[in-house]
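One structure is given here, and the rest of the page talks about it.
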Amino acid sequence: MTHNLLFSSATILIVDDLPTNLRLLDSVLTQQGYNVLKAISGELALRASTTIDIDLILMDIMMPGLNGYEVCRRLKSEPKTAKIPVIFLSALNEGFDKVKAFEVGGIDYINKPLVIDELLIKVQTHLSLRAAGKEIMLLDRRIEELTEAREEQINYANHQMEIVRHDLLTGLPNRGLFMEGLNLAINRSKIEHDYRFGVLFLDCDRFKVINNCLGYFIGDELLNAMARRLRDNLSEQDMVARLGDDEFAILLTEAQDITTAAEVANKILAALQEPFNLQGHEVFISASIGISLGGRDYQQPEHILRDAATAMGRAKELGKSRYQIFDITLHQEASRFLKIETELRKAIKKQEFRVYYQPIICLNTGKIEGVEALLRWQHPTRGLIAPAEFIPVAEETGLIVPIGNWVLQEACHQIRQWQVAGMVKESFTISVNFSPQQFSQRGLLDLIDQVLIQTQLNPYCLKLEITESALMEKSQATVAILKQLRSRKIQFSIDDFGIGYSSLSYLHSLPVNTLKVDKFFVQNLDEAPINTGIVPAIIRLAKTMGMNAIAEGVETIEQLERLRMLECDCGQGYLFSEPLSPEEVIELIASEPRW
């Protein structure tokens, strides 16, 4: 169904507290060429109707706060909005609703569930009537109101300009207006060489949790309450703006040094620690703040805001609910991070990664019983890059998932090649590190099954290594996946055991085969008595629970001898071998070493 192009620019306001209804009506009316605005409450509908030229309102009746009847009554009581036609939408009793709807000034009524064709016909009809009424009124008053209309147009344009420059929810300046204020401060610093100003970038630490748990009505109220507290803790000449979602920016127009800005940040952090009482809920919130001091060094407002945002990110990394002052090293780290991310994406496409293998030694026999797959990046200009430099970037950007999946495929394929060629025994194992992001990816079981089928590798030869901290954050879904993989005879190791939040309770609930003792503890073996300390405790724990223990980072004969005295099952480290290329691994195995 289509409508006359005359009404394609008509503006329709939809008022409904249910997002599903808003999205449906928005989609239908937008496809017809109308300009669509949405309000989730009666209060927002009144605000929009008095600030924007509305041609038609589709109004839900039952809403929290002001219901549709009261909103319509108030609209009709105001000369500016009295002529806006209101069509009511409701699933309540038809006879009762129609009477009351017309009493308060409604022009029509549509029952839910909506019949789209009926809705569109009524919308077009009432828009036509409204347009005709406007045209008659304009013709009657055109001459006498020409000057007045011109003035009103100018005032309306200015008012619209102010709306565009402010956040509709909080009424605070928006990003555009804030950037204008920053630009004025930068220009002033060029004239007054000693002038300094401060920029604070603030981000809520738990807003998404509150929004998801209590709903977006409470979330909006919280943002409004935060806006008021921020304004109350600033001087009149300072500016606070909402940049979007739960991000705010503050311009301190008279911050001559970083101490002044830090004092304001502390004041704000203390104010936000006080609870917010929102519709019967006591809500607690904290924030992370980044601070950048401005002056002649800055030429662009975007740059100082960027630096304050970078400092805010560091504040979150350091534990949240705090402030961080920007320095040049933060910018350098951010630039380095972005560069590595960009090069990582290219490396994935160009297949620049290599898998190296470090032997795992059975301490009872002194022979190699398996290897651990270790990722390396063969950079085209920088050569071989160790994982410590790029793995954190890969994890934060999510690139660890495709990279880790490739390592799994490559490692399983390599060990199966060695087995088929008779270079290693059929019991030879391959340990592959698995990141938390890999475990949360969709289709994980199918992916691993596909790899094992393609490589024809016995599942028992595959050991997946998971960090202790990742297991401590396990969900029921993660435990279920681990158990399904274990039923396929795949083995599991807890990597870096002892440095996280060790707990016997989760060890009992998970199908773990091996505990890997972190190298930090192994390298301190020489200093502690043989039967005391973390290493003996972990080895005893593993044996008590029917698991194996592997010591990482073995570098000296003394460490090896102590591990054997403690009856540790296996070890790996530079005493035995550094990580090797596939060709070097075969050469080492062929030499039949024994330690």
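The values are calculated or read from the model by the stated rules, or taken from the named source; none is laboratory data. These numbers were taken from a predicted model, which means no experiment stands behind them. Cβ sites come from the backbone with ideal geometry, for glycine too, and all protein chains shown count toward neighbours. Areas reflect the complete protein model, heavy atoms only, side chains present, ligands, DNA and RNA absent. Shrake-Rupley method; radii C 1.70, N 1.55, O 1.52, S 1.80 Å.
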Using only Cα atoms, find the angle between the long axis of helix 68-77 and the longest principal axis of the chain, and express it within 0 to 90 degrees, rounded to the nearest 10. 40
Run the quick spin-label model on Ile348 and Ala131: label points 7 Å from Cα toward the beta carbon, then report their separation in nm to one decimal. 5.0
Accessible area of the chain with a 1.4 Å probe: how many percent of it is carbon plus sulfur? 53
Cα centroids of the range 41-58 and the range 59-130: how far apart, whole angstrom? 13
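Hey, what's the chain come to in accessible area per residue, 1.4 Å probe, Å²?
Accessible area per residue, the chain: 51 Å².
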Please compute the length gained on full extension between Ile116 and Phe520, using 0.36 nm multiplied by the number of residues separating them and subtracting their Cα-Cα distance. 138.6 nm
Ordered by residue, what ³J(HN,Hα) values in Hz, to whole numbers, does the range 205-219 give under the Karplus form 6.51 cos²θ - 1.76 cosθ + 1.60, where θ = phi - 60° and Gly and Pro are x? 8, 10, 5, 4, 5, 5, 4, 6, 7, 9, x, 6, 5, 5, x
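For His193, what is the net charge nearby, where nearby means another residue's Cβ is under 13 Å from its Cβ and Lys, Arg count +1, Asp, Glu -1?
So the surrounding residues net to +1.
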Any of Lys316/Lys483; Lys425/Lys516; Lys350/Lys463; Lys346/Lys483; Lys316/Lys519; Lys320/Lys346 with alpha carbons more than 26 Å apart? Name them for me. Lys316/Lys483; Lys350/Lys463; Lys346/Lys483; Lys316/Lys519; Lys320/Lys346
Inter-label distance, nm, simple model (7 Å from Cα along the C-beta direction), Leu168/Leu575: 6.8
With a sphere of radius 14 Å drawn around the Cβ of Phe284, what net charge do the other residues whose Cβ falls strictly inside it have (Lys, Arg +1; Asp, Glu -1)? 0
Suppose every Lys and Arg Cβ carries +1 and every Asp and Glu Cβ carries -1, with no other charges. What dipole size does the chain come out with about its Cα centre, to the nearest 20 debye? 1000
Express in nm, to one decimal, how much length is gained between Arg488 and Lys208 on full extension, taking 0.36 nm for each residue of separation and deducting their alpha carbon distance. 97.0 nm
Going by the alpha-carbon gyration tensor, a ≥ b ≥ c the square roots of its eigenvalues, is the chain rounded (a/c under 1.5) or, if a/c is not under 1.5, prolate (a/b greater than b/c) versus oblate? prolate
Okay, helix-only estimate at 222 nm for the chain: each DSSP H run of n ≥ 4 adds -39500 (n - 2.57), divide by all residues, round to 500 deg cm²/dmol; what do you get? -15500 deg cm²/dmol
Using the Karplus curve 6.51 cos²θ - 1.76 cosθ + 1.60 with θ = phi - 60°, work out ³J(HN,Hα) for each residue of the range 172-188 in order, rounded to whole Hz, and write x for Gly and Pro. 6, x, 9, 4, x, 5, 5, 5, 5, x, 4, 5, 5, 5, 5, 5, 5
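Report the calculated FRET efficiency for Lys98 and Asn277 (r = Cβ-Cβ distance, R0 = 60 Å), to the nearest 0.05.
Between Lys98 and Asn277 the formula returns 0.90.
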Inter-probe distance in nm under a simple model that places probes 7 Å from Cα toward Cβ, at Glu43 and Gln31: 3.5
Positive minus negative residues near Pro593 (Lys, Arg vs Asp, Glu; Cβ under 15 Å): -3
Between Glu389 and Val420, the FRET efficiency computed from the C-beta separation at R0 = 35 Å comes out, to the nearest 0.05, as 0.50
For the range 235-319, just say rounded, prolate or oblate: build the C-alpha gyration tensor, square-root its eigenvalues into a ≥ b ≥ c, call rounded for a/c under 1.5, and beyond that prolate if a/b exceeds b/c, oblate if not. prolate
Mind jotting down the distance between the C-alpha centroids of the range 288-308 and the range 385-449, whole Å? 42
